[in-house]
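Asker: Could you have a look at this structure, given as structure tokens, before my questions?
The values are calculated or read from the model by the stated rules, or taken from the named source; none is laboratory data. Keep in mind that what you see is a predicted model, and the values were worked out from it rather than measured. Reconstructed Cβ throughout: ideal geometry from the backbone, glycine too, with neighbour counts over all protein chains shown. Side chains are part of the model used for accessible areas, which takes the heavy atoms of the whole protein and leaves out ligands, DNA and RNA. Shrake-Rupley method; radii C 1.70, N 1.55, O 1.52, S 1.80 Å.
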Amino acid sequence: MTTVDAFSTDPDDAVPHTPAAAAEGRLHGTPPRTPGADLPEHPDFLWKDPEPKKAYDVVIVGGGGHGLATAHYLVKNHGITNVAVLEKGWLAGGNMARNTTLIRSNYLWDESAAIYEHSLKLWEGLEEDLGYPILFSQRGVLNLAHTLQDVRDSVRRVEANVLNGVDAEWLEPDEVRKVCPIVNTSSDIRYPVLGATYQPRAGIAKHDYVGWGFARRIDEAGVDIIQGCEVTGFLRDGNRVTGVRTTRGDIACGKVALAAAGSTSVLTDMLGLRVPIQSHPLQALVSELLEPVHPTIVMSNAVHVYVSQAHKGELVMGAGVDAYNGYGQRGAFHVIERQMAAAVELFPVFARAHLLRTWGGIVDTTPDASPIVGRTPYDNVFLNCGWGTGGFKATPGVGWVFADTIANDEPHPYAAPFSLDRFVTGRLVDEHGAAAVAH
Amino acid sequence: MQMIQCPWCGPREEVEFHYGGQAHVPYPSEPAALSDEEWAHYLFFRDNTRGLYAERWSHSSGCRKWFNAVRDTVTYRFHATYRPDEPRPVTA
Ligand SMILES: Cc1cc2nc3c(=O)[nH]c(=O)nc-3n(C[C@H](O)[C@H](O)[C@H](O)COP(=O)(O)OP(=O)(O)OC[C@H]3O[C@@H](n4cnc5c(N)ncnc54)[C@H](O)[C@@H]3O)c2cc1C
Ligand SMILES: [Zn+2]
């Protein structure tokens, strides 16, 4: 059964945002504008809950944003509709429901700029494409620099971005203050702000709505979304996978596409396929609802915290992964403590905000902080993983290129640099500077 | 915060330690004989076990020595810690 209650883990949903709640004084203070009053009501049923068929042309493992987007572009760009998306839990309840929704494309290398910028352009038209609100808000992102080397690296990245057609500027501290007045730009703090890169087209979106929008569209197109269906094994014939074993029976398939984020290794181990992935807990948290104080997104790799203010008013904050491998969807408290210390130094105004809730996801990191997308040694098994801490922004972009790769049995040009064999050829796409672990 | 049992210093708080990834990954005995693929696996590929995992930790704010641990990657509970020259203990 799919009910909207299945999504009550939405980090944004602790306080009802209805006019009734405001009238009863359940919202914080007496706002001039009720935070979130402009949010659409939660939707009714958006997709069916079918029994799995015996066979599909394409089986996608993982009903997160990536799996759903892949199904969407299989339908839309390639006319492939005999598709199932298998999800062990509930739809988009993994990292998709847990991430902090930052969307940007200011990556250093040409290969990354190409795929993330492709994605950002799709975000800009996604609401129309899906016919569904996703609250994409292009409020810009500041990436702060705190040391001379940070400044040099940042300016280099801005120049690289501009050459790749990505909007990017270098801002001096007084310009940073104009974009986000609450950033502490005084020179006497431990890590003074020496400037920032700025990407005005970056933004946030409402992650659940993105998942539901894709789900609704692909359901209309005839794709089966099957929740509560865990893939537990593969049926094989030499170099081909002929079907998947699931908790709801065996399902035959022409092609299999893995989009299982932090759980990829569990699946690839069943295929005897080794992938250079390490799964880590990644935590995030929100404050209570506040009046609009934070107009943009601010991230800092050096003191490690990043912040945006959600549509309803919470400050949404994240930091780095917990150091150890983990599958537990929670992390250690000292990681949160450090992140809070960094946040309060950068934003003294946060000192009195209450922390409302923390949660964790399982992210899949690679040695070069870039994803793995493409073919595998199996003829008909395709791999999408390794997006680590930053794959939400890629959702439409990777859906597009992964669908193309699956449909044509060869990597889309934007996916080609991210093949599994780059770890053997040595053609790494080292994005530690622009990706790890800021989002 | 977890207490971690350093084999030399005894139980100390997690913040004193540094994580070092999978344990028992020996340096290739004949490095010159390795193919590119074998090198890639030595350098970049590690197990990513869901469950009991043997891994390395360093007591970086204490004795600064490396040791091994068997930890459950789902519950995060440490089942054993042991010195690098000791074999992986049998744990449940
Ligand atoms: C705290 C946090 C903050 C983040 N912030 C950002 C951010 O600001 N910006 C950004 O770009 N990215 C961010 N990310 C990363 C982003 O969430 C992920 O990279 C992205 O969601 C991964 O793709 P996905 O949406 O398909 O993964 P998921 O939503 O995790 O989907 C994978 C799905 O596969 C399912 N699955 C696993 N195994 C099986 C199986 N055997 N059978 C069936 N189903 C299975 C899972 O249940 C899950 O639903 C963040 C992540 C976290 C945890
Ligand atoms: Zn010690």
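Asker: Which of the helices (runs of 4 or more DSSP H) found entirely inside segment A:90-185 contain at least 3 residues meeting this: away from every other protein chain (no Cβ under 14 Å), away from ligand 1 (no atom under 16 Å from the Cβ) and surrounded by 20 or more Cβ atoms within 10 Å (Cβ to Cβ)?
Answerer: A:148-163
Asker: If you take the residues of segment B:19-49 that are surrounded by 18 or more Cβ atoms within 10 Å (Cβ to Cβ) and in contact with a strand residue (DSSP E or B) (Cβ under 9 Å, 6 or more places away or on another chain), which of them is nearest to the other protein chains (Cβ to nearest Cβ)?
Answerer: Only one residue fits best here, namely B:Asn48.
Asker: Turning to a different aspect of this structure: Which residues, counting only those in segment B:1-30, are within 16 Å of ligand 2 (Cβ to nearest atom) and of a type in the set (A, V, I, L, M, F, W, C)?
Answerer: Scanning segment B:1-30 gives B:Met3, B:Ile4, B:Cys6, B:Trp8, B:Cys9, B:Val15, B:Phe17.
Asker: Take the residues in segment A:346-377 that are among the charged types (D, E, K, R) and within 22 Å of A:Ser112 (Cα to Cα), then tell me which one is most open to solvent (accessible area, probe 1.4 Å).
Answerer: A:Arg375
Asker: Related question: Which residue pairs have Cβ atoms closer than 7 Å, lie 6 or more positions apart in sequence or on different chains, and pair a first residue in segment A:227-245 that is more than 21 Å from A:Leu68 (Cβ to Cβ) with a second residue that is outside any strand (DSSP E or B) and more than 14 Å from ligand 1 (Cβ to nearest atom)?
Answerer: That search, which allows pairs on different chains as well, returns A:Asn239/A:Tyr378; A:Asn239/A:Asp379; A:Arg240/A:Tyr378; A:Arg240/A:Asp379; A:Arg240/A:Asn380; A:Val241/A:Tyr378; A:Val241/A:Asn380.
Asker: Among (1) more than 9 Å from every other protein chain (Cβ to nearest Cβ); (2) in a loop (DSSP other than H, G, I, E, B); (3) touching a residue at least 24 places away in the same chain (Cβ under 8 Å); (4) open to solvent by less than 90 Å² (accessible area, probe 1.4 Å), where does B:Arg12 come up short?
Answerer: (2)
Asker: Filter segment B:31-68 down to the residues that are closer than 21 Å to B:Phe17 by Cβ and among the basic types (Lys, Arg), then identify the one that is nearest to ligand 2 (Cβ to nearest atom).
Answerer: B:Lys65
Asker: Determine whether B:Val90 is within 14 Å of chain A (Cβ to nearest Cβ) and more than 22 Å from A:Pro367 (Cβ to Cβ).
Answerer: The answer is no for B:Val90.
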